Amino acid sequence: MLSVNEAITTLLSQARCLAGSEACDLFEALGRTLAGDVVATIDVPPADNSAMDGYALRRADWAGAEQPLPLSQRVTAGSVPGELAPGTAARIFTGAEVPGSADTVVMQEHCEGTSESVRILHCPPEGANIRRRGQDISVGQKVLSAGQRLRSQDLGLAASLGVASVSVRQRLKVAILSTGDELVEPGESAGPGQIYNSNRFTMKGQLAAWGFDVVDLGVARDRLEVVRECMTRAAEQADVIITSGGVSVGEEDHVKDVVESLGSLDLWRIAIKPGKPFAFGQVLGKPFIGLPGNPVSVFVTLLVIARPYLLACQGIADTTVQPVAGFSGFAKKASQREDYLRVRATESGLELFPNQSSGVLFSACWGDGFVRQKAAEVIEEGGRVDYLPFGLFD
């Protein structure tokens, strides 16, 4: 079996951006992936401006607190000031452009002013309280890079440059397919031997949260010809195919056989717990990811192994997740595989859900992250561990 790192490295070595590009209005660009760099065509701010309400003057014109300066103009944000007359001051407000020749702004708390003049009680050094042109962004500066997902602050930054639309990657189309005769849909009656299909909703919800277009092909029953027909449709309709179940070694697990007949199975079985029967290959030229059938295994392998590959196919440059240091509130013996334990943070440390079975999906809802227990690692109560809050996988 490959280690988790080896599996991720293998997938990423075969990843290529599968999404084209399109123009996107800035209002609709949250969470989208930039297809090209955003380079500043203006300075921000576009001119020297005041950092506060007060008075603008030439520092050399201040002769002391007892010597008032006449006011020659009043400058508000959005107005265009004139040149500052020698020996005068200008009333100025936060964000307003500093008049030409003025080199200092004094906050109004250090002044006594009338409508005609102002006494500067304490004058700061030359250059004080002025935000210089281009101090935030200068012309020609790359401010956003191709391959990054746009956050709200990124949209604000682009807007500050006057950018109305950006070039983004089209949304990756991911086909999902659940397999198994035992599956019934929520709202239907579950008979003997049947269970409700939770994996369909876990997969669809997580893929949508990552910004992909999901092609939901429903459920394929455990018959070779049915699985083959569904996989063929998936390859026709999507960029990437993801299945849950059917990749183990049982006589009714047909996904593995279909993949090998329609393409190739390049990777199968990972040293991860839960989720060992994870598969990767291609079907009719389209990348294929086979997730296990147990619900926690689906959740773990989708986040830990499939996510980096899918993001790379979307054109996202940085797919890494770095754990944070946590302190264990439990002890656990070593595992032969890399174990992703469902935990939640408490004041006394990371608390372990008591049942770590791959079928107990409630553990992923009760918890707020994973403790990554490396193969052969012993966890001691109070010891430092690798903690992966679920938010890292957003």
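Can you name every one of the strands (runs of 3 or more DSSP E) wholly within the stretch 140-180 that holds 3 or more residues which are closer than 30 Å to H254 by Cα?
On the way: elements: 142-144, 165-169, 173-179.
Filter on the stretch 140-180 gives 173-179.
Among the candidates E236, E229, E188, single out the residue that is outside any loop (DSSP other than H, G, I, E, B), of a type in the set (D, E) and more than 30 Å from the chain's Cα centre (by Cα).
Details: E236 fails: more than 30 Å from the chain's Cα centre (by Cα); E188 fails: outside any loop (DSSP other than H, G, I, E, B).
Going through E236, E229, E188 in turn, just one is outside any loop (DSSP other than H, G, I, E, B), of a type in the set (D, E) and more than 30 Å from the chain's Cα centre (by Cα): E229.
So, in the stretch 366-384, of the ones that are of a type in the set (A, V, I, L, M) and farther than 15 Å from V321 by Cα, which residue ends up surrounded by the most Cβ atoms within 10 Å (Cβ to Cβ)? Quick ask: steps written out before the conclusion?
First, pick out the residues of the stretch 366-384 that are of a type in the set (A, V, I, L, M): 371, 375-376, 378-379.
So of that shortlist, the ones also farther than 15 Å from V321 by Cα come out as 375-376, 378-379.
Working: A375: 15, A376: 10, V378: 11, I379: 22.
Per the stated criteria, the residue is I379.
Step by step: first the residues of the stretch 17-42, then only those that are assigned to a strand (DSSP E or B) and acidic (D, E), then the one that is nearest to T319 (Cα to Cα). Which residue is that? Walk me through how you get there before you give the answer.
Taking the stretch 17-42 and keeping what is assigned to a strand (DSSP E or B), we get 21-25, 33-34, 38-39.
Then keep just the ones that are acidic (D, E); that gives 22, 25.
Numbers: E22: 22, D25: 25 Å.
Filtering first and then ranking leaves E22.
So that you can scan it fast, the table gives a plain yes or no per residue for (1) in the same structural domain as F27 (by TED's automatic domain parsing); (2) more than 30 Å from L34 (Cα to Cα); (3) among the acidic types (D, E):
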site: P70; (1), (2), (3): no, yes, no
site: F93; (1), (2), (3): no, yes, no
site: Q108; (1), (2), (3): no, yes, no
site: I137; (1), (2), (3): no, no, no
site: D154; (1), (2), (3): yes, no, yes
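If A51 satisfies all but one of (1) surrounded by fewer than 21 Cβ atoms within 10 Å (Cβ to Cβ); (2) closer than 30 Å to F212 by Cβ, what's the number of the condition it fails?
(2)
Being of a type in the set (S, T, N, Q) and either in contact with a Ser or Thr (Cβ under 6 Å, 6 or more places away or on another chain) or surrounded by fewer than 16 Cβ atoms within 10 Å (Cβ to Cβ) (or both) is the filter here, so list the residues in the stretch 320-365 that pass it. Before you say what the answer is, go through the steps one by one.
Going residue by residue through the stretch 320-365, those that are of a type in the set (S, T, N, Q) are 320, 322, 328, 335-336, 346, 348, 355-358, 363.
Residues satisfying the conditions are T320, Q322, Q336, T346, S348, N355, S357, S358.
Just the residues that are surrounded by fewer than 20 Cβ atoms within 10 Å (Cβ to Cβ), of a type in the set (S, T, N, Q) and closer than 29 Å to E236 by Cβ, please, taken from the stretch 171-199.
S198 - this is the single residue of the stretch 171-199 that is surrounded by fewer than 20 Cβ atoms within 10 Å (Cβ to Cβ), of a type in the set (S, T, N, Q) and closer than 29 Å to E236 by Cβ.
Just to be sure, is V44 surrounded by 17 or more Cβ atoms within 10 Å (Cβ to Cβ) and touching a residue at least 12 places away in the same chain (Cβ under 8 Å)? Quick ask: steps written out before the conclusion?
Details: surrounded by 17 or more Cβ atoms within 10 Å (Cβ to Cβ): yes; touching a residue at least 12 places away in the same chain (Cβ under 8 Å): yes.
Spelling it out, V44 is indeed surrounded by 17 or more Cβ atoms within 10 Å (Cβ to Cβ) and touching a residue at least 12 places away in the same chain (Cβ under 8 Å).
The values are calculated or read from the model by the stated rules, or taken from the named source; none is laboratory data. This one's a predicted model, so the numbers in the text were calculated from it and none came from an experiment. Here Cβ is always computed from backbone atoms with ideal geometry, including for glycine, and neighbour counts include all displayed protein chains.
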